[in-house]
1. Return the calculated 222 nm mean residue ellipticity for the chain, to the nearest 500 deg cm²/dmol, obtained by summing -39500 (n - 2.57) across DSSP H runs with n ≥ 4 and dividing by the residue count.
2. Using packing as a proxy for protection, rank 204-210, 288-294 so that the peptide with the highest average count of other Cβ atoms within 10 Å comes first.
3. How large is ³J(HN,Hα), in whole Hz, for each residue of the range 281-296 in order, when computed from phi with the Karplus curve 6.51 cos²θ - 1.76 cosθ + 1.60 and θ = phi - 60°, using x for Gly and Pro?
4. May I ask for the distance between the Cα centers of the range 288-309 and the range 151-198, given as a whole number of Å?
5. Can you give me the Kirkwood hydrodynamic radius for the chain, using every pair of distinct Cα atoms, in Å to one decimal?
6. Could you line up 181, 158 from fewest to most neighbouring Cβ atoms inside 10 Å?
7. What residues have an amide H closer than 5 Å to that of residue 372, excluding those fewer than 5 places away on the same chain, when H is modeled at 1.01 Å from N in the peptide plane?
8. Along the range 27-35, what does the Karplus equation 6.51 cos²θ - 1.76 cosθ + 1.60 (θ = phi - 60°) give for ³J(HN,Hα), rounded to whole Hz, x for Gly and Pro?
Amino acid sequence: MGAGVRVGRVLGIEVRVDWSWFLIFFLIVWNLSSTFAALQGSWSAPLRWGVATLAALVFFASVLAHELAHSLVARSRGIPVRSITLFLFGGVSNIQREPTSPGAEFLMAIVGPLSSLVLGAILLWLGSIAAGPAGVPALDPGQALIQLGPLAMLLSWVGGVNLTLGIFNLLPGFPLDGGRVLRSLLWALSGNLRRATRWASWVGQGIAWLMIVGGIAMAFGAQVPFFGSGLGSGLWLIFIGWFLNGASEQSYRQVVVQDVLAGVSVSRLMRSTVPTCDPGCTVSQLVHEHVMGSDDQAFPVMMGGELIGLVTLDDVRKVPRSDWDVVTVADIMTPADRLVTVSPDDEAAEALNKLAQHDIRQLPVLSGGRLAGLFRRHDIVKWLQWQSTQHS
């Protein structure tokens, strides 16, 4: 996912919306509006679109509540939570590190689906009240659309979707919540997080391939329980299965990397001999005297032996070629007070987390306020490759 758009903070946690969210939001609104047009011929177009838009907003608010439940439990266990991002498949909490025990993993995982199930039940109950004497067929929200007014329809639809979301997330397909519950149990039994993640990942990939095969069958007219039939639904299930398979593999790789880096200090991986430049250097000089002929993509900017900033190739790319001879490094660098830094004694795993959190390629390493080196993604990859050859 990209950085997306920051929309605010809830309970101290930053909430962002990925660009893919706008696509799924539009599809939900369009699909609901079309459904209302087919089922409620007396509704005006503004009413249909208004109820559809409000229903989509309430649904994503409930997705946010689901992720907040994960985040608050994580935070109560001393695990930092940087942000929550809403995206194509719902939401994801940016929890900074793995839980410290199987019990913490279990609580963090199970609270999300439980919150969706409870919220779904409450919304359906409110929908039944709004429906009046006719009541709401809670187990069949689609039929409810035929006879309900706008408010009861909105509540019953969002309630039914939340129940579906809660049940779906309980599937033991890692890294879904149910898969994390499974991993916590395997972790408790084996005493090894990496091994438990490998087993949970295999189960997750198996479920993902079942979804893909089921989606193909649906596309050719087969009726799959719970998912139905049809080309559109089949393609969507294939897409979800493909995404789950990739996420399961990636989650296992992340655990392996964290495991390999455990106990390794930044000083072991950092580059201590770092090419630097002065703030008065022009962009043209930077490119021709420093960038060309090297694999370096970032250069600390020094003055009087002190780090005053960092300039990268991304900064250079923002400068028009015609201005290279007049624009200086000082004009485009990131000042030192805005840099994310680490110390030589910090753990490499934590430093890697910082690189991922801020979507950057390198971190200046400071010792006693002085530049000691650069901690780069490139060097981590080389070290991991060397480790894999040593153990193959």
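1. Details: 14 runs with 224 residues, N = 392.
Helices in the chain give a 222 nm mean residue ellipticity of -19000 deg cm²/dmol.
2. 204-210, 288-294
3. 5, 6, 4, 4, 5, 4, 5, 7, 9, 10, 6, 4, x, 9, 9, 6
4. Computed from Cα coordinates, the inter-centre distance equals 47 Å.
5. The answer is 24.2 Å.
6. Ranked by crowding around the Cβ, least crowded first: 181, 158.
7. Residues meeting the criterion, in which the H sits 1.01 Å from N, are 365, 366, 367.
8. Along the range 27-35, the couplings run 5, 5, 4, 5, 5, 5, 4, 5, 5 Hz.
Throughout, read-outs are computed from the coordinates displayed, never taken from laboratory work. Treat the numbers as computed from the prediction; the structure is a model and nothing was measured. Virtual Cβ from ideal backbone geometry, glycine too; neighbours counted across all protein chains shown.
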